[in-house]
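A.B. asks: One structure is given below, represented as structure tokens, and several questions about it will come after.
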Amino acid sequence: MEKSVNAIIPGLCARVVVNEGDKVSAGQEVAVINCMKTEISVTSEWNGTVKSVLSKEWDELEVGTPMVMLVVDGD
Amino acid sequence: MIKRLLIANRGEIVTRIIRTCKEMGIATVAVYSEADREAPYLDMVDEAVHIGPSNPLHSYLSIEALIDAARKSGSDAVHPGYGFLSERAVFAQAVVNAGLVWVGPAPEVMKSISSKCYCRHLAAGVGVPFIPGTLDPVNDPRDVAAYGREHGYPLFLKLDKGGGGKGIEMVSSEGQVEQIFQRTCSIGNMAFGSGACYIEKVIDSPRHIEIQFVADNYGNCVLLGERECSIQRRHQKIIEEAPSVVVTEQERELLFDYSRRLVRRMNYHGAGTLEGLRSADGRYYFMEVNARLQVEHGVSELLTGIDIVKCQIQTASGEALGFRQEDIGLRGHAIEARVYAEDPETFLPSPGRISGLQLPETGRDLRVDHALENNYSVPPYYDPLLAKVISWGEDRTRARERLISGLEQFVIVGVKSTISANLRILRHPNFASGDFSTAFMSECFNNTGSHFGKEGPR
């Protein structure tokens, strides 16, 4: 099953800290959002593998903008 | 003389600069990004120019877009405000190259003093004490470990080109050196275009003391007193005041002497600030130069009656300052509270639409600098500063009481704000008595704001 890790707060994408093919576990930081100069960590809710990275540095983000696509383990 | 000034910034500082320009009879040009289409000050200026998308990289940080806006609007000068490109020598140079007046120090001076190590050499050269550590950047983590073995931990690794509270990393033991060194270099390369970092000793329970100066092209350098800015979260200021409760008349004279020596050696013209620390045992250490108008300049304006923006415009136009040091009196006491769009408990950001607004009643003793109006949307892309409430009193107690009463009248609905956090700080017995250091927020509220978010590089 595929799941997207979405922006939890509006702002600018500071960085995505995972790459395509990386294994991630639930609770792991996958991206960082710069909201009003404060960096907010975005974590994965699932164990899985990064299928694609959808955001890049300086992208404008709304709440819910998909940042990273995962293939969730256990399918 | 400047006739038409472009303000290359956004938010409250635009309204602040407009006010002085109107008094001086100078026409104003504002710029705005997509997110700032509704900014209230766009109706107050002679011309408003759209410069690009919300993303600041393509608007407020775009030298090309700003120079283009200045040309299109027939401006003859640029005021950079604070933040964004205000301390970038390349922007200042681009403004000068376009045949416009730069409201700030000369680009060459800005380029030099953007290096903290340059400033450390400068201080050493004129006999001004600075924070012990290395004079030059360290190139290898082994040099950091060697310093730690000789002088002990903790120590700070600081980016030579860092600023705005970013690029300051504490190293507590030799085991951390390698990792923190690499991380600091990496942050520096990404955010400031330079990974060079140097070592500073950690000063015990310091207080942040800074000196405001204005200097013209004719050798007149006037000191407008000190400001104390020890109440901070995430290395960013929340409350500032002048004078500082700990600086004695004798110490002020010493700081003024240091400041004159530094300003002359830098060959600096315009308004600027020398930031420093005062250790618990009463020693002063120079830290860095801020080559711009500071957020907290209003505190010094209420104390001295001098309009610092006017000084900037006059000196940039090549005029002499209309006063000398002996004309400056430091009268009474002034305190500023910064109101941020943040949760008052966690200091987490809170962008959104303002659905209700009541501003404090202003007058001779209470000033509110802001760019707010009801139904205004606070964008998530820029600084969280919403407003500055600045009070004046015959003494510190009265200034504090007036600030409290001003903040009590201030209501913002729709986004969270730090108004209640400011009130908690101002009412705290340690603030009331003046007994605090830069550790105030962690010691008195167990809150540095760092558990939730880290200060980002832009």
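The values are calculated or read from the model by the stated rules, or taken from the named source; none is laboratory data. Because the structure is a prediction, the values reported are computed rather than measured. Cβ: placed from backbone, ideal geometry, glycine included. Neighbour counts: every protein chain shown. Side chains are part of the model used for accessible areas, which takes the heavy atoms of the whole protein and leaves out ligands, DNA and RNA. Shrake-Rupley method; radii C 1.70, N 1.55, O 1.52, S 1.80 Å.
A.B. asks: May I ask you to list the residues in the stretch B:281-319 that are part of a strand (DSSP E or B), within 17 Å of the chain's Cα centre (by Cα) and not polar (S, T, N, Q)? Show your work before the answer.
C.D. replies: Quick first cut of the stretch B:281-319, residues part of a strand (DSSP E or B) only: B:284-290.
Now drop any that are not within 17 Å of the chain's Cα centre (by Cα), which leaves B:286-290.
B:PHE286, B:MET287, B:GLU288, B:VAL289, listed by residue number.
A.B. asks: Can you work out which of the residues in the stretch A:1-28 that are within 14 Å of another protein chain (Cβ to nearest Cβ) and open to solvent by less than 10 Å² (accessible area, probe 1.4 Å) is nearest to B:TYR340 (Cα to Cα)?
C.D. replies: Step one: of the stretch A:1-28, the residues within 14 Å of another protein chain (Cβ to nearest Cβ) are A:7-17.
Filter once more, keeping what is open to solvent by less than 10 Å² (accessible area, probe 1.4 Å): A:7, A:11-14.
Working: A:ALA7: 22, A:GLY11: 16, A:LEU12: 18, A:CYS13: 21, A:ALA14: 21 Å.
The qualifying residue nearest to B:TYR340 (Cα to Cα) is A:GLY11.
A.B. asks: Let me ask you something else. Here is a check on your reading of the model: is B:SER433 polar (S, T, N, Q), free of Cβ contacts under 8 Å to residues at least 40 places away in the same chain and either surrounded by fewer than 22 Cβ atoms within 10 Å (Cβ to Cβ) or under 30 Å from A:GLY11 (Cα atoms) (or both)?
C.D. replies: Taking the combined requirement at face value, the residue satisfies it.
Yes/no matrix, rows are residues, columns are (1) more than 14 Å from every other protein chain (Cβ to nearest Cβ); (2) more than 29 Å from B:LEU42 (Cβ to Cβ):
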site: B:ASN374; (1), (2): yes, no
site: B:TYR381; (1), (2): no, no
site: B:VAL389; (1), (2): yes, no
site: B:TRP392; (1), (2): yes, yes
site: B:GLY406; (1), (2): yes, no
site: B:PHE410; (1), (2): yes, no
site: B:VAL413; (1), (2): yes, no
site: B:THR418; (1), (2): no, no
site: B:PHE445; (1), (2): yes, yes
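A.B. asks: Go through B:SER33, B:SER59, B:SER73 for me and flag whichever is touching an Asp or Glu at 6+ places or on another chain (Cβ under 6 Å) and not assigned by TED's automatic domain parsing to the domain that holds B:PRO384.
C.D. replies: Values: B:SER33 fails: touching an Asp or Glu at 6+ places or on another chain (Cβ under 6 Å); B:SER59 fails: touching an Asp or Glu at 6+ places or on another chain (Cβ under 6 Å).
None of the other options fit; the residue is B:SER73.
A.B. asks: If you don't mind, another one. Of the numbered conditions (1) in a strand (DSSP E or B); (2) surrounded by fewer than 22 Cβ atoms within 10 Å (Cβ to Cβ), B:GLU178 satisfies every one except a single condition; which is it?
C.D. replies: Single failed check for B:GLU178: (1).
A.B. asks: Looking only at the stretch A:12-26, which residues are over 12 Å from the mean Cα position of the chain (by Cα) and closer than 24 Å to A:MET36 by Cβ?
C.D. replies: A:LEU12
A.B. asks: For the structure I just gave you, tell me whether A:ALA31 is open to solvent by 50 Å² or more (accessible area, probe 1.4 Å), small (Gly, Ala, Ser) and either under 19 Å from B:SER186 (Cα atoms) or more than 14 Å from chain B (Cβ to nearest Cβ) (or both). Break it down into steps so the answer makes sense when it comes.
C.D. replies: On the way: open to solvent by 50 Å² or more (accessible area, probe 1.4 Å): no; small (Gly, Ala, Ser): yes; either under 19 Å from B:SER186 (Cα atoms) or more than 14 Å from chain B (Cβ to nearest Cβ) (or both): yes.
For A:ALA31, the condition - open to solvent by 50 Å² or more (accessible area, probe 1.4 Å), small (Gly, Ala, Ser) and either under 19 Å from B:SER186 (Cα atoms) or more than 14 Å from chain B (Cβ to nearest Cβ) (or both) - is not met.
A.B. asks: Just for the stretch A:34-64: of the residues that are away from chain B (no Cβ under 13 Å) and open to solvent by less than 20 Å² (accessible area, probe 1.4 Å), which one is nearest to the chain's Cα centre (by Cα)?
C.D. replies: We begin by selecting, within the stretch A:34-64, every residue away from chain B (no Cβ under 13 Å); these are A:43-54, A:64.
Among the residues that remain, those that are also open to solvent by less than 20 Å² (accessible area, probe 1.4 Å) are: A:44, A:48, A:50.
Working: A:SER44: 7, A:GLY48: 12, A:VAL50: 10 Å.
Checked the stretch A:34-64; the qualifying residue nearest to the chain's Cα centre (by Cα) is A:SER44.
A.B. asks: To continue, here is another question. Return the only residue of B:ALA77, B:ALA98 being crowded, with 19+ Cβ neighbours inside 10 Å, more than 14 Å from B:TYR32 (Cα to Cα) and touching a helix residue (DSSP H, G or I) at 6+ places or on another chain (Cβ under 8 Å). Give the derivation first.
C.D. replies: On the way: B:ALA98 fails: crowded, with 19+ Cβ neighbours inside 10 Å.
Only one candidate qualifies: B:ALA77.
A.B. asks: A further question follows. Kindly evaluate B:SER391 against the criterion of being open to solvent by 10 Å² or more (accessible area, probe 1.4 Å) and modelled with pLDDT of 95 or more. I'd like the intermediate steps shown before the answer.
C.D. replies: Numbers: open to solvent by 10 Å² or more (accessible area, probe 1.4 Å): no; modelled with pLDDT of 95 or more: yes.
It is false that B:SER391 is open to solvent by 10 Å² or more (accessible area, probe 1.4 Å) and modelled with pLDDT of 95 or more.
A.B. asks: Among the residues of the stretch B:256-271, is any polar (S, T, N, Q), assigned by TED's automatic domain parsing to the domain that holds B:LEU426 and in a strand (DSSP E or B)? Please lay out each step first, then the result.
C.D. replies: Keep residues of the stretch B:256-271 that are polar (S, T, N, Q), which gives B:259, B:267.
So of that shortlist, the ones also assigned by TED's automatic domain parsing to the domain that holds B:LEU426 come out as B:259, B:267.
Cutting the leftovers down to in a strand (DSSP E or B) gives us none.
Among the residues of the stretch B:256-271, not one is polar (S, T, N, Q), assigned by TED's automatic domain parsing to the domain that holds B:LEU426 and in a strand (DSSP E or B), which makes the answer no.
A.B. asks: Does B:ALA35 meet the test of being under 27 Å from B:ASN375 (Cβ atoms), modelled with pLDDT of 95 or more, open to solvent by 40 Å² or more (accessible area, probe 1.4 Å) and hydrophobic (A, V, I, L, M, F, W, C)? Break it down stepwise before answering.
C.D. replies: Working: under 27 Å from B:ASN375 (Cβ atoms): yes; modelled with pLDDT of 95 or more: yes; open to solvent by 40 Å² or more (accessible area, probe 1.4 Å): no; hydrophobic (A, V, I, L, M, F, W, C): yes.
For B:ALA35, the condition - under 27 Å from B:ASN375 (Cβ atoms), modelled with pLDDT of 95 or more, open to solvent by 40 Å² or more (accessible area, probe 1.4 Å) and hydrophobic (A, V, I, L, M, F, W, C) - is not met.
A.B. asks: Go through (1) in contact with a helix residue (DSSP H, G or I) (Cβ under 8 Å, 6 or more places away or on another chain); (2) among the aliphatic types (A, V, I, L, M); (3) more than 12 Å from B:LEU302 (Cβ to Cβ) for B:VAL378 and report which single condition fails.
C.D. replies: Checking B:VAL378 against (1) in contact with a helix residue (DSSP H, G or I) (Cβ under 8 Å, 6 or more places away or on another chain); (2) among the aliphatic types (A, V, I, L, M); (3) more than 12 Å from B:LEU302 (Cβ to Cβ), the one that fails is (1).
A.B. asks: For the stretch B:1-112, which fully contained strands (runs of 3 or more DSSP E) count at least 1 residues that are of a type in the set (D, E, K, R)? Before you say what the answer is, go through the steps one by one.
C.D. replies: Numbers: elements: B:4-7, B:27-33, B:47-52, B:77-79.
Once the strands (runs of 3 or more DSSP E) in the stretch B:1-112 are filtered for at least 1 residues that are of a type in the set (D, E, K, R), what remains is B:4-7, B:47-52.
A.B. asks: Another one. Of (1) aliphatic (A, V, I, L, M); (2) within 14 Å of chain B (Cβ to nearest Cβ); (3) within 13 Å of the chain's Cα centre (by Cα); (4) open to solvent by less than 10 Å² (accessible area, probe 1.4 Å), A:MET67 satisfies all except one. Which?
C.D. replies: Every condition holds for A:MET67 apart from (2).
A.B. asks: Could you tell me how many of the residues in the stretch B:333-378 are free of Cβ contacts under 8 Å to residues at least 12 places away in the same chain and closer than 17 Å to B:GLU296 by Cα?
C.D. replies: Matching residues across the stretch B:333-378 total 0.
A.B. asks: Which residue is farthest from B:GLU401 (Cα to Cα), if the candidates are limited to the stretch B:350-368 and must be within 14 Å of chain A (Cβ to nearest Cβ) and surrounded by 16 or more Cβ atoms within 10 Å (Cβ to Cβ)?
C.D. replies: Looking only at the stretch B:350-368, we keep the residues that are within 14 Å of chain A (Cβ to nearest Cβ), and these are B:350-353.
Then drop every residue that is not surrounded by 16 or more Cβ atoms within 10 Å (Cβ to Cβ), which leaves B:350-351.
Details: B:SER350: 28, B:PRO351: 30 Å.
So the residue we want is B:PRO351.
A.B. asks: Just to check your reading of the model, which residue among B:GLY52, B:GLY83, B:GLY74 is within 18 Å of the chain's Cα centre (by Cα) and either at pLDDT 95 or above or closer than 23 Å to B:LYS166 by Cβ (or both)? Before you say what the answer is, go through the steps one by one.
C.D. replies: Values: B:GLY52 fails: within 18 Å of the chain's Cα centre (by Cα); B:GLY74 fails: within 18 Å of the chain's Cα centre (by Cα).
After applying the criteria, what remains is B:GLY83.
A.B. asks: Continuing with the same structure: Can you pull out every residue in the stretch B:317-349 that is over 25 Å from B:VAL245 (Cβ atoms), of a type in the set (Gly, Ala, Ser), away from every other protein chain (no Cβ under 14 Å) and open to solvent by less than 30 Å² (accessible area, probe 1.4 Å)?
C.D. replies: Scanning the stretch B:317-349 gives a single hit, B:GLY318.
A.B. asks: Hey, another quick one. When only residues in the stretch B:9-30 that are surrounded by fewer than 19 Cβ atoms within 10 Å (Cβ to Cβ) and not small (Gly, Ala, Ser) count, which is nearest to B:ASP46 (Cα to Cα)?
C.D. replies: Of all residues in the stretch B:9-30, those surrounded by fewer than 19 Cβ atoms within 10 Å (Cβ to Cβ) come to B:19, B:22-25, B:27.
Next, only the ones that are not small (Gly, Ala, Ser) stay: B:19, B:22-24.
Working: B:ARG19: 13, B:LYS22: 10, B:GLU23: 14, B:MET24: 14 Å.
My answer is B:LYS22.
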